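Report on the following structure.
Laboratory data are not the source of any read-out in this text; all were calculated from the coordinates shown. The shown structure was predicted, so the numbers you read here are calculated from the model rather than taken from an experiment. In this analysis, Cβ positions are derived from the backbone assuming ideal geometry, glycine residues included, and neighbour counts consider all displayed protein chains.
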Amino acid sequence: TLKLAGQMLQCVRYVHSRGFIHRDIKPDNFAIGRGSAAGRVRVVDFGLAKRYKDRDTCEHVPHRHGVGFAGTARYASAAAHRGSEQSRRDDMEALGYVLVYFLCGELPWQGLGKGADKAE
């Protein structure tokens, strides 16, 4: 698991080094190679990816609040849930949640509302 975690971190850092944020980090968006690429992790599904650096100036794009949610709610950062524009930090927070899921088999907030539903 530690080797996979390191490779996943490298994948996300590479995406960031190219001026993009992924915005949908989750277990389904990592693939492990086969054959000559056996054991190598790749990040996939860039459908929600977005530039965080302006192409012309290489400056960080302005931060905005009140933007629409993008990504998978289960793994999204708290800031993304509050409507803040996502940044590299949000990708890293989501990766942290993915690693917690891999280590524990679930996320701490999974099933929190189930007890309240039964009481009603």
Going by C-beta contacts inside 10 Å, put M8, M92 in order with the fewest on the left. M92, M8
I'd like the per residue volume of the convex hull spanned by the Cα atoms of the range 2-119, given in cubic angstrom. 126 Å³
In deg cm²/dmol and to the nearest 500, what is the mean residue ellipticity at 222 nm of the chain if only DSSP H runs of at least 4 residues count, each as -39500 (n - 2.57), divided by the residue total? -11000 deg cm²/dmol
Quick one: length gained pulling V67 to D45 fully straight, 0.36 nm per residue minus the C-alpha distance? 5.8 nm
For a quick check of your reading of the filter: which trypsin sites (Lys or Arg not before Pro) in the range 10-104 sit in a DSSP loop and have no more than 11 other Cβ atoms within 10 Å? R18, R34, R55, R64, R82
Find me the longest stretch of the chain that has none of the exposed chymotrypsin sites (Phe, Trp or Tyr not before Pro), where exposed means in a DSSP loop (not H, G, I, E or B) with at most 14 other Cβ atoms within 10 Å. 1-45
Whole-Hz ³J(HN,Hα) for each residue in the range 2-10, computed from phi via Karplus 6.51 cos²θ - 1.76 cosθ + 1.60 with θ = phi - 60°, x for glycine and proline: what do you get? 5, 5, 4, 4, x, 5, 5, 4, 4
Rounded to the nearest 0.05, what FRET efficiency do Q110 and I32 give with R0 = 22 Å and r taken as the Cβ-Cβ distance? Could you check? 0.40
Grab the Cα-Cα distance for S17 and R74, subtract it from 0.36 nm times how many residues apart they are, and report the gain in nm with one decimal. 18.0 nm
Per residue of the range 32-45, in order, report the coupling 6.51 cos²θ - 1.76 cosθ + 1.60 (Karplus, θ = phi - 60°) as ³J(HN,Hα) in whole Hz, putting x for Gly and Pro. 10, x, 10, x, 5, 9, 3, x, 8, 8, 10, 8, 10, 6
Most mobile of H81, H65, H22 in a GNM of the chain (Cα contacts under 10 Å): H65
